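What follows is a single structure, written as structure tokens, with notes after it.
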Amino acid sequence: MRLQIVNILTGLFIMLIPYLWDYHKELSVHNYITGPLIITFAITALWEINRNARWLNIPVAAWLIISSVLFRDDQVIYPNIIAAIVVIILSAIKRKSKSIYGGGWRSLFQKNPPHMQQANNKV
Amino acid sequence: MSQPYIPPAWNYNPSTWGQRLPLVIIALVGMFIALYLGAYQVRWIDDVWEPFFGDGSKRILNSSISKILPIPDAFLGAFGYFADVVTGVIGRTSRWKTMPWMVIVFGVAVGPLGMVSILLVISQPVFLDAWCSLCLLTAIISVVMISPAMDEMLASLQYLQRVKRSGLSVWKAFWGNKEIANQIN
């Protein structure tokens, strides 16, 4: 949970970077798109049941790095790069779940998921 | 004290009032904020509260994007929150099993609302070069609601999966058939 809170704050920081470093429009647009997306996926991943939503932040942060390089012109892009790397690292860290939620979302595609095993045992 | 109606291989019941009521309350807050913003859009009120971004709220609420649809977008948002409130309130604490249709409607109402909110947040600086504090607040409310609503939906989908594997009618179970609900854990 703490990791995702840091990601939420980093997403907020990404939205502020264009103002703090006076980015031009072409570059700042990518901050305005990736920042809210990072915050959204991090908030969604705060709850254990959707912890895997954190993975979605990796391509989003990767796009921030790529777009920063592509549209940099004479702008200082290290804040974007550092923020994106922080998001990627924190999103990749796996935490142990306290509950199994009947096997979670993947159970819907499994042959004999945990919820079915337990239901059969009860019968 | 153990909770009744805990889905198999879960350690809590996602349909308890303790799980649902906080969502209903924040959806109500979202609805009132959206109604307030909509009231400004149709000029029932002359001004809109904006503590941080100057005339940002007014620029966004009067923008062409907010007028794409025949009714103001804030009223659509308010309707979305109202749907969340109604579908969040209906049903007992066993509804993941006895009313899967309602749980899934609830999940569908919450999910897209969150996605639309984020698209609107992105569109504010990208297309309008402005921010709107209350619009951001409603977007956060929408996003915060997604995960807590999804656990109940997952319990219902797993129940329908068990019904299907048992060879019983998923259609009937979806609409809350009592015989099937009694037969399947």
Subject >> Rg(Cα) / (2.2 N^0.38 Å) computed for chain B, rounded to two decimals >> reply: 1.22
**OP:** Mind jotting down the distance between the C-alpha centroids of segment A:1-63 and segment B:167-184, whole Å?
**Re:** 42 Å
**OP:** Arrange B:Asp73, B:Asp55 by Cβ neighbour counts within 10 Å, fewest through most, would you?
**Re:** B:Asp55, B:Asp73
**OP:** Name all residues of segment B:7-37 having a backbone nitrogen under 15 Å from the label point set 7 Å from the Cα of B:Leu137 along its Cα→Cβ direction, giving them as ranges.
**Re:** B:26-37
Subject >> Residue among A:Asn112, A:Asn80, A:Asn57 with the largest mean-square fluctuation in a Gaussian network model of chain A, springs linking Cα atoms under 10 Å >> reply: A:Asn112
Subject >> B:Trp101-A:Val6 pseudo-label distance in nm [points 7 Å out on the Cα-to-Cβ vector] >> reply: 4.8 nm
Original post:
Using the C-alpha atoms of segment B:104-156, what convex hull volume per residue, in cubic angstrom, is computed?
Top reply: 55 Å³
Subject >> Listed residues B:Ser117, B:Ser63, B:Ser142, most fluctuating in chain B (Gaussian network, C-alpha, under 10 Å) >> reply: B:Ser63
Original post:
In cubic angstrom, how much convex hull volume per residue do the alpha carbon atoms of the protein assembly as shown span?
Top reply: 150 Å³
Subject >> Proportion of all alpha-carbon pairs of segment B:44-118 beyond 16 Å (%) >> reply: 62 percent
Original post:
How big, in percent, is the set of alpha carbon pairs in chain A lying more than 21 Å apart?
Top reply: 46 percent
Original post:
Which FRET efficiency, nearest 0.05, do A:Asn52 and B:Lys58 yield, Cβ-Cβ r, R0 51 Å?
Top reply: 0.80
**OP:** Set the Förster distance to 30 Å, then compute FRET efficiency between B:Val126 and A:Asp22 from the Cβ-Cβ distance, nearest 0.05.
**Re:** 0.95
Subject >> Summed side-chain charge close to B:Val116 - residues other than B:Val116 whose Cβ falls under 14 Å, Lys, Arg +1, Asp, Glu -1 >> reply: -2
Subject >> Cα-based Rg / Dmax (Å) for segment A:60-117 >> reply: 19.1, 60
**OP:** Give the relative contact order (percent, whole number) for segment B:36-185; include only Cα pairs under 8 Å separated by 6+ residues.
**Re:** 27 percent
**OP:** Quick one: what are the phi-derived ³J(HN,Hα) couplings along segment B:22-37, Karplus 6.51/-1.76/1.60 with θ = phi - 60°, whole Hz, x for glycine and proline?
**Re:** x, 5, 4, 5, 6, 5, 5, 4, x, 5, 5, 5, 5, 5, 5, 5
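Values in this text are rule-based calculations from the coordinates and carry no lab data. Just so you know, these numbers come straight off a predicted model, no measurement behind them. Don't worry about glycine lacking a Cβ; one is built from the backbone with ideal geometry, like all the others, and counts go over all protein chains shown.
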